[in-house]
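Please read the structure below before turning to the comments.
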Amino acid sequence: MATPGPPRGGGSYIIPDMTETMGPREAECPAAILDLLTPTQSEYALDWRRRCREFTAWRASRPKLRDGDRLTFDEAIAFTDGSTHQSLTVSISPLRPRAIRLLAANGMLYRISGLRDRAFRVERTG
């Protein structure tokens, strides 16, 4: 059974109902939710739970970013202003500590969606 809903800009879309026994591709369910699930014998569900826990562990192993850290990405990132950067410096405002911006050598500040899930190395500055 699908649930219709109003998308931005009008029209309609369908959100299919899905359970873990259907073998979902996405595996980013938080551990707090996984801990609430009842036991199962479903191979799909067990595999999905394992993948979710592996992702949670990988994400937790990532370093917490601090102001001034230098990030070097495995691949250069192209931005909408036409520039491309592989190394950027973390810039965290004390007024918005969760809003991580990245400073490029050209003085421009950028935001990157899904930053925590990208491959990069961190150089600590102090």
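Please determine whether any residue of segment 109-125 is under 21 Å from A27 (Cα atoms), touching a helix residue (DSSP H, G or I) at 6+ places or on another chain (Cβ under 6 Å) and surrounded by 14 or more Cβ atoms within 10 Å (Cβ to Cβ).
no
Of S83, S113, S87, which residue is out of contact with any Phe, Trp or Tyr (no Cβ under 7 Å at 6 or more places or on another chain), polar (S, T, N, Q), at negative phi and at pLDDT below 90?
The unique qualifying residue is S113.
Inspect all residues belonging to segment 61-76 and state whether any of them is touching an Asp or Glu at 6+ places or on another chain (Cβ under 9 Å), part of a strand (DSSP E or B) and modelled with pLDDT under 90.
No, the conditions are met nowhere in segment 61-76.
Out of everything in segment 90-102 that is within 17 Å of D117 (Cα to Cα) and surrounded by 10 or more Cβ atoms within 10 Å (Cβ to Cβ), what residue ends up being modelled with the lowest pLDDT?
This residue is A99.
Considering only residues of segment 6-33 that are among the aliphatic types (A, V, I, L, M) and under 18 Å from the mean Cα position of the chain (by Cα), which is modelled with the lowest pLDDT?
Ranking the candidates gives A27 first.
The values are calculated or read from the model by the stated rules, or taken from the named source; none is laboratory data. Note that the coordinates shown come from a computational prediction; the quantities given were computed from them, not determined experimentally. Neighbour counts run over all protein chains shown; Cβ positions are idealised from the backbone, glycine included.
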